[in-house]
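**Q** First the structure, then my questions, so here it is.
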Amino acid sequence: MRKKTPSARGKSTAKPVAGRPGRVLPADSCPSCGSMMQEHRGRLCYPVNGEEIAVLDVSHLWCAKCGEVVLRRDESRHLREQAVAVYRRKYRLLSADEIRSLRERHGLTQGSLAALLRLGGNSISRWESGRNVQTAAMDVLLRLIRDLPGSLDYLRTHAA
């Protein structure tokens, strides 16, 4: 049976049943069909930079009847973090710590580095926290700043 895209619903509260006023389902029931969901570990996908990235061992609730997948908050965070890590390894991108180290070594704030790269003000913060991943093109620019003396001066002159 093919798994549906996971939703980020929690399991801590009972849910009212659509079309049946007054009937409440148990917290572990499927939000789609009302069947009881089962604890499951398995492969789920998460989109990173427009690409579906598979993460192999994710704990989640699964409905055997309709295939619905529900993630608790911690499971959802784990799926996102693991997908970002897989994506970075796949494309050999700088890690969040490497980006932070590069920026700090050059005495730049997140905002000043974003301005030099002509990015939105929060982009560097998102990269350093692992919430987002830089594109391959931005990764090349970051590596140029890291590896080529004078590249930062060039950007300051021509990009700012």
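**Q** What number of residues within the stretch 137-160 satisfy the criterion of being surrounded by fewer than 15 Cβ atoms within 10 Å (Cβ to Cβ), acidic (Asp, Glu) and within 30 Å of the chain's Cα centre (by Cα)?
**A** Count: 1.
**Q** Is it the case that some residue within the stretch 116-136 is farther than 27 Å from residue 81 by Cβ, in contact with a helix residue (DSSP H, G or I) (Cβ under 6 Å, 6 or more places away or on another chain) and among the small types (Gly, Ala, Ser)?
**A** no
**Q** Mind checking whether some residue in the stretch 101-119 is surrounded by fewer than 18 Cβ atoms within 10 Å (Cβ to Cβ), over 30 Å from residue 39 (Cβ atoms), more than 19 Å from the chain's Cα centre (by Cα) and of a type in the set (Lys, Arg)?
**A** Yes: one or more hits.
**Q** Search the stretch 67-93 for residues being assigned to a loop (DSSP other than H, G, I, E, B) and touching a residue at least 40 places away in the same chain (Cβ under 8 Å), and hand back the single one that is surrounded by the fewest Cβ atoms within 10 Å (Cβ to Cβ).
**A** Selected residue: 67.
**Q** Show the residue pairs that are 6+ apart or on different chains and have beta-carbon atoms under 9 Å apart, the first residue being within the stretch 42-63 and touching a residue at least 60 places away in the same chain (Cβ under 8 Å) and at negative phi, the second being surrounded by 12 or more Cβ atoms within 10 Å (Cβ to Cβ) and of a type in the set (Phe, Trp, Tyr).
**A** Once the first residue is touching a residue at least 60 places away in the same chain (Cβ under 8 Å) and at negative phi and sits in the stretch 42-63, its partners that are surrounded by 12 or more Cβ atoms within 10 Å (Cβ to Cβ) and of a type in the set (Phe, Trp, Tyr) give 48/87.
**Q** Next up: With modelled with pLDDT under 95 and more than 30 Å from residue 41 (Cα to Cα) as the only criterion, which of 157, 109 stands out?
**A** Step by step, each of 157, 109 is checked, and only 157 is modelled with pLDDT under 95 and more than 30 Å from residue 41 (Cα to Cα).
**Q** Could you tell me how many of the residues in the stretch 27-61 are touching a strand residue (DSSP E or B) at 6+ places or on another chain (Cβ under 7 Å), more than 15 Å from residue 75 (Cβ to Cβ) and of a type in the set (A, V, I, L, M, F, W, C)?
**A** 3
The values are calculated or read from the model by the stated rules, or taken from the named source; none is laboratory data. Since we're looking at a predicted model, the values are computed, not measured. We place every Cβ from the backbone using ideal geometry, glycine too, and count neighbours over all the protein chains shown.
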